[in-house]
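To start, the structure under review is shown below, and the notes come after it.
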Amino acid sequence: MEAQTGAALLLACLLALATIASSNTEGDILYSQRQVWKDPNNVLTSWDPTLVNPCTWFHVTCNNVNSVIRVDLGNAGISGTLIPQLGQLKNLQYLELYANNMSGPIPTTLGNLTRLVSLDLYDNHLTGVIPSSLGAVGRLRFLRLHGNKLAGVIPASLGRLTKLVELELQENMLTGTVPLEVLSLVLVGDLTELNVAKNNLAGTIKSSKPRGRDAYICDLQLSK
């Protein structure tokens, strides 16, 4: 009995240490991101790397085991690039960085955020392509990348996001066509809003209004 109790205590201690180590790693990642950003409004002053974990920082939310699940920094006046290490925040569900002055590419490593529900990077100055790796984020429901300077094609891999409700890609510099795999989400997935207006795509209506399920089907018929 004593041996079993000792083993249980050892396991509990190891789990606690693992949780602390994970929290420290996530804090290191977010602090590294802070170092890259310019923060003229000082919204990140609470991001103190000397604390045990980042769960007491403003604009960061953790779960009950002190792992980061939300980063909420919309309209915060921040500028700079996104670091690849963000893809190591394994429990992240919401990455809200909209309406800032973000530049550079979207890291392909964001495709490792398998618990991500919402990725809001709209109204920034992001360049490069939409990473095909985002098609691996099977829980994603909201993907809003509009109002940037993204180029290239819409990845067909986004057609694997069957839980996606909103896909907003308007006001970029995208070329090619909307992949059939993505269009199929209107019929076989949960997609109710698909907006690709104001790009350089072939066969699309020049409207900035979100596409509802029925409305988008009508648009497709008109553009044939």
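Counting only residues that are assigned to a loop (DSSP other than H, G, I, E, B) and among the small types (Gly, Ala, Ser), which one in region 118-144 is nearest to Asn100 (Cα to Cα)?
The initial filter retains those residues of region 118-144 that are assigned to a loop (DSSP other than H, G, I, E, B), namely 121-124, 127-131, 137-141.
Imposing the further condition that a residue be among the small types (Gly, Ala, Ser) reduces the set to 128, 138.
Values: Gly128: 17, Gly138: 26 Å.
By that ranking, first place goes to Gly128.
Checked against (1) within 13 Å of Leu82 (Cβ to Cβ); (2) within 11 Å of the chain's Cα centre (by Cα); (3) among the hydrophobic types (A, V, I, L, M, F, W, C), Val137 meets all criteria but (1).
Which fully enclosed strands (runs of 3 or more DSSP E) of region 145-224 have 1 or more residues being open to solvent by less than 40 Å² (accessible area, probe 1.4 Å), at pLDDT 95 or above and small (Gly, Ala, Ser)? Quick ask: steps written out before the conclusion?
Details: elements: 166-168, 173-176, 193-195.
Where strands (runs of 3 or more DSSP E) fall fully within region 145-224 and carry at least 1 residues being open to solvent by less than 40 Å² (accessible area, probe 1.4 Å), at pLDDT 95 or above and small (Gly, Ala, Ser), they are 173-176.
Each residue in region 27-82 was checked for being under 19 Å from Pro107 (Cα atoms), in contact with a strand residue (DSSP E or B) (Cβ under 9 Å, 6 or more places away or on another chain), among the hydroxyl-bearing types (Ser, Thr, Tyr) and outside any strand (DSSP E or B), and 1 of them qualify. Of all residues in region 112-138, those that are over 21 Å from Gly74 (Cβ atoms) and at pLDDT 95 or above have Cβ atoms under 8 Å from Cβ atoms of residues that are in a loop (DSSP other than H, G, I, E, B) and polar (S, T, N, Q), 6 or more apart or on another chain, in Ala136/Thr114; Gly138/Thr114; Gly138/Thr162.
Here Gln85 meets the list (1) of a type outside the set (Lys, Arg); (2) open to solvent by 60 Å² or more (accessible area, probe 1.4 Å); (3) assigned to a loop (DSSP other than H, G, I, E, B) almost entirely, failing just condition (3).
Is region 50-70 home to any residue that is under 19 Å from Phe142 (Cα atoms) and open to solvent by 70 Å² or more (accessible area, probe 1.4 Å)? There is at least one residue in region 50-70 that is under 19 Å from Phe142 (Cα atoms) and open to solvent by 70 Å² or more (accessible area, probe 1.4 Å). Among the residues making up region 91-117, those that are over 18 Å from His146 (Cα atoms) and touching a strand residue (DSSP E or B) at 6+ places or on another chain (Cβ under 9 Å) are Asn91, Leu92, Gln93, Leu113, Arg115, Leu116.
Has region 89-106 got at least one residue that is touching a helix residue (DSSP H, G or I) at 6+ places or on another chain (Cβ under 6 Å) and open to solvent by 50 Å² or more (accessible area, probe 1.4 Å)? No, because not a single residue in region 89-106 is touching a helix residue (DSSP H, G or I) at 6+ places or on another chain (Cβ under 6 Å) and open to solvent by 50 Å² or more (accessible area, probe 1.4 Å). When the residues of region 73-82 are filtered to those that are closer than 17 Å to His59 by Cα and among the polar types (S, T, N, Q), the one that is most open to solvent (accessible area, probe 1.4 Å) is Asn75.
Look at Gly87 and say whether it is under 18 Å from Asp28 (Cβ atoms) and touching a Leu at 6+ places or on another chain (Cβ under 8 Å).
Criteria met by Gly87.
The values are calculated or read from the model by the stated rules, or taken from the named source; none is laboratory data. Just so it is clear, the structure is predicted and the values come from calculations on it, not from any experiment. Glycine gets a Cβ as well: all are built from the backbone with ideal geometry, and neighbour counts include every protein chain shown. With ligands, DNA and RNA removed, areas are computed over all heavy atoms of the protein, side chains included. Shrake-Rupley method; radii C 1.70, N 1.55, O 1.52, S 1.80 Å.
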